[in-house]
Amino acid sequence: MSGDTITIFDTTLRDGEQSPGCSMTTDEKMEVAKALVELGVDVIEAGFPIASPDDFKAVQKIAREYGSQATICGLSRCRAEDIDRAGEALKDAEKRRMHVFLATSAIHREHKLKMGKDEIVQRAVEMVERAKGFTDDVEFSPEDAARTELDFLCEVTEKAIAAGATTVNIPDTVGYSTPSHFFNIIRHLKENVPNIEQAVISTHCHNDLGLAVANSLSAIEAGARQVECTINGLGERAGNAALEEIVMAIQTRKDHYKVGTNINTKKLFSTSRLISRITGMLVQRNKAIVGQNAFAHEAGIHQHGMLQNRSTYEIMRPDDVGYVGTNLVLGKHSGRHAFKDRVKHLGYELDDSLVQEVFDEFIALADKKKDVYDSDIIALIEGHVGESQDQWSLDRFHTVAGTDVLPTATLEMRREDSEEVFQDAATGDGPVDAIFRALERVVGIEARLTDYQVRSISSGKDAQGEVMVEINVNDQVFHGKGVSTDIVAASARAYLKALNRAAVEGASGSEGSTEATP
């Protein structure tokens, strides 16, 4: 890769998944890995293999499936058992990378590691050398580098490169840095580490002060040539640098940064939606690049300028990022062929049977609401994702609610492995609470609702509502999403989706994970 191309290192599957409530199944990780490959990500950090058997399995499957299309990376602490486990998980990847890390800041040395500087240097060198036994592509991260004394950071970096590290990643682990501060760190390394040109300088910034993207871009200006980031800025605490913002800043301001990436930017919006659906983390409406309002213009003066020339108020075109807004596209008289073409235009490849199912739902929706938008069609398509894992389906329900009326829900359900019809009823604080309780009674799972969000998919009183729920079952978190013009129906579908996940995933148990946070 040339010096004017930034390596995009995506850690959505590792650091992003560490965000509370964002854990993914192996199948979901495979779906995300496929999307990242199609997006054009250079390096995919697939996980932390020693954390759990599930993490190991996911990294191994991703390495086997996509290790010839992107570099697949596994994270390890500077411990022999971590490195050996990661090496085993990655061995089938044609392109693989070992990423080893060890804290270097004074506060970490004293309070976490209980190690002196000489011990840390020795451990780093030994573990980089061990990692080289599995692959020539080794990345070393001095954890909490932004708070590490510069002279010691230079020493560790020099020794790690000498031991064989081909990438040295400089993490702002706790989001403490500022753009000028981070620029000076990278510049200091370039000027004071004798062998720095033998490795790629990388950056990994957290967003605790809202500066992760700004710090990453400053690092590029100072000479960094790899950026570690996540889709939607997902990650623990306030998250990581957002991949879509980094990439579009580089592309839009190429006159300033004078570098590029290998990212297929037209896939950014769809990849953002995928991550949001799988993790249950909604993207805020005004989120840069991929938010619903990113290309919306309401102020009169803006609208006037846009009509004259879009560049007056848009520095990017919606098509540049694959943005799908609320374009009116189809009505109830539209044919199946036109619908299938629209689905393909939106970036979805569906088999004929699924196209028919979604088309039938589209016709039913068109009977309920006056206008059907692209966003409505996407919601219908995504409603079918993961259905094969569902043990329970909801045939019909009825709710009663109102002033001076005890809210009640009755429902009829079926189980995948049985023709028997299950009926039950429950009362609650309102119709939504009542149907949640009834669903729990039939499925046989008692859950605690920890998050409930509703938003409109398009515009108008007849717009579909999208409901996202998060539930806690035996200290495990599960998400569900439902869509309907009836918000009670959408709520029921979302809650049942989460209960189905709990029934499937909870039955197999959950292994405790080992904390990792370069």
- Message: So ASP404 ticks every box in (1) outside the structural domain of VAL443 (by TED's automatic domain parsing); (2) at positive phi; (3) not basic (Lys, Arg) but one. Which box is left unticked?
- Response: (1)
- Is it true that LYS369 is surrounded by 15 or more Cβ atoms within 10 Å (Cβ to Cβ), touching a Gly at 6+ places or on another chain (Cβ under 8 Å) and at pLDDT below 85? yes
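Just checking, does segment 125-145 include any residue being small (Gly, Ala, Ser) and assigned to a strand (DSSP E or B)? Show your work before the answer.
Just the residues of segment 125-145 that are small (Gly, Ala, Ser), to begin with: 131, 133, 141, 145.
In the following step, the residues that additionally are assigned to a strand (DSSP E or B) were identified as 141.
Among the residues of segment 125-145, at least one is small (Gly, Ala, Ser) and assigned to a strand (DSSP E or B), which makes the answer yes.
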- Task: Inspect all residues belonging to segment 382-393 and state whether any of them is closer than 18 Å to LYS497 by Cβ and in a strand (DSSP E or B).
- Result: yes
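Please indicate, with yes or no, whether at least one residue in segment 246-265 is surrounded by fewer than 16 Cβ atoms within 10 Å (Cβ to Cβ) and in contact with a Lys or Arg (Cβ under 7 Å, 6 or more places away or on another chain). Break it down into steps so the answer makes sense when it comes.
Looking only at segment 246-265, we keep the residues that are surrounded by fewer than 16 Cβ atoms within 10 Å (Cβ to Cβ), and these are 252-256, 258, 260, 262, 264.
If we keep only those that are in contact with a Lys or Arg (Cβ under 7 Å, 6 or more places away or on another chain) as well, we get 260.
Among the residues of segment 246-265, at least one is surrounded by fewer than 16 Cβ atoms within 10 Å (Cβ to Cβ) and in contact with a Lys or Arg (Cβ under 7 Å, 6 or more places away or on another chain), which makes the answer yes.
Tell me, which residue of segment 240-297 that is among the aliphatic types (A, V, I, L, M) and in contact with a Cys (Cβ under 8 Å, 6 or more places away or on another chain) is farthest from LEU217 (Cα to Cα)? Before the answer, list the steps.
Our first condition is that a residue be among the aliphatic types (A, V, I, L, M); within segment 240-297, this holds for 241-243, 246-250, 259, 263, 268, 274-275, 278, 281-283, 288-290, 294, 296.
Narrowing the set further to residues that are in contact with a Cys (Cβ under 8 Å, 6 or more places away or on another chain) leaves 241-243, 246, 281.
Details: ALA241: 10, ALA242: 11, LEU243: 11, ILE246: 7, MET281: 25 Å.
Per the stated criteria, the residue is MET281.
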- Task: Specify the residue that is nearest to the chain's Cα centre (by Cα); the eligible residues are those in segment 32-69 that are of a type in the set (Gly, Ala, Ser) and surrounded by 24 or more Cβ atoms within 10 Å (Cβ to Cβ).
- Result: ALA33
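Considering only segment 24-38, I want to know if a residue exists there that is part of a loop (DSSP other than H, G, I, E, B), at pLDDT 95 or above and among the β-branched types (Val, Ile, Thr). If you could, list the steps in order and put the result at the bottom.
Going residue by residue through segment 24-38, those that are part of a loop (DSSP other than H, G, I, E, B) are 24-25.
Checking which are at pLDDT 95 or above leaves us with none.
No; the residues of segment 24-38 include none that is part of a loop (DSSP other than H, G, I, E, B), at pLDDT 95 or above and among the β-branched types (Val, Ile, Thr).
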- Item | The listed residue being at negative phi, buried (at least 24 other Cβ atoms within 10 Å of the Cβ) and hydrophobic (A, V, I, L, M, F, W, C), out of LEU209, LEU189, LEU217 | LEU217
- Task: Give me the pairs, please: first residue somewhere in segment 423-446 and crowded, with 19+ Cβ neighbours inside 10 Å, second residue anywhere and in a helix (DSSP H, G or I) and basic (Lys, Arg), beta-carbon distance under 7 Å, and either six or more positions apart or on two chains.
- Result: ALA426/ARG437; ALA426/ARG441
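Go through the residues of segment 439-454 one by one and say whether even a single one is in contact with a Gly (Cβ under 7 Å, 6 or more places away or on another chain) and closer than 30 Å to ARG285 by Cβ.
First, pick out the residues of segment 439-454 that are in contact with a Gly (Cβ under 7 Å, 6 or more places away or on another chain): 454.
Within this subset, residues satisfying the condition of being closer than 30 Å to ARG285 by Cβ are 454.
There is at least one residue in segment 439-454 that is in contact with a Gly (Cβ under 7 Å, 6 or more places away or on another chain) and closer than 30 Å to ARG285 by Cβ.
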- Looking only at segment 146-161, which residues are assigned to a helix (DSSP H, G or I), out of contact with any His (no Cβ under 7 Å at 6 or more places or on another chain) and loosely packed, with under 15 Cβ neighbours inside 10 Å? ASP151
- Task: Looking at (1) aliphatic (A, V, I, L, M); (2) under 30 Å from GLU228 (Cβ atoms); (3) in a loop (DSSP other than H, G, I, E, B), find the lone condition where MET468 falls short.
- Result: (3)
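Kindly indicate whether LYS190 is of a type in the set (D, E, K, R), without any contact (Cβ under 8 Å) to a residue 60 or more places away in the chain and over 14 Å from ARG123 (Cα atoms). Steps first, please.
Values: of a type in the set (D, E, K, R): yes; without any contact (Cβ under 8 Å) to a residue 60 or more places away in the chain: yes; over 14 Å from ARG123 (Cα atoms): yes.
In short, yes.
For (1) within 18 Å of THR279 (Cβ to Cβ); (2) in contact with a helix residue (DSSP H, G or I) (Cβ under 7 Å, 6 or more places away or on another chain); (3) modelled with pLDDT under 95, each residue gets a yes or a no:
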residue: SER418; (1), (2), (3): no, no, yes
residue: VAL421; (1), (2), (3): no, no, yes
residue: THR427; (1), (2), (3): no, yes, no
residue: ILE445; (1), (2), (3): no, yes, no
residue: ARG448; (1), (2), (3): no, no, no
residue: SER456; (1), (2), (3): no, no, yes
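For ASP54, indicate whether it is in a helix (DSSP H, G or I) and at pLDDT below 95. Don't jump to the end; show me each part of the working.
Details: in a helix (DSSP H, G or I): yes; at pLDDT below 95: yes.
Yes: the conditions hold for ASP54.
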- Query: Across segment 11-31, what is the number of residues that are β-branched (Val, Ile, Thr) and surrounded by fewer than 24 Cβ atoms within 10 Å (Cβ to Cβ)?
  - Reply: 2
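The values are calculated or read from the model by the stated rules, or taken from the named source; none is laboratory data. Quick caveat, the model's predicted, so the values are computed rather than measured. With ideal geometry, Cβ positions are generated from the backbone for all residues, glycine too; neighbour counts draw on all protein chains shown.
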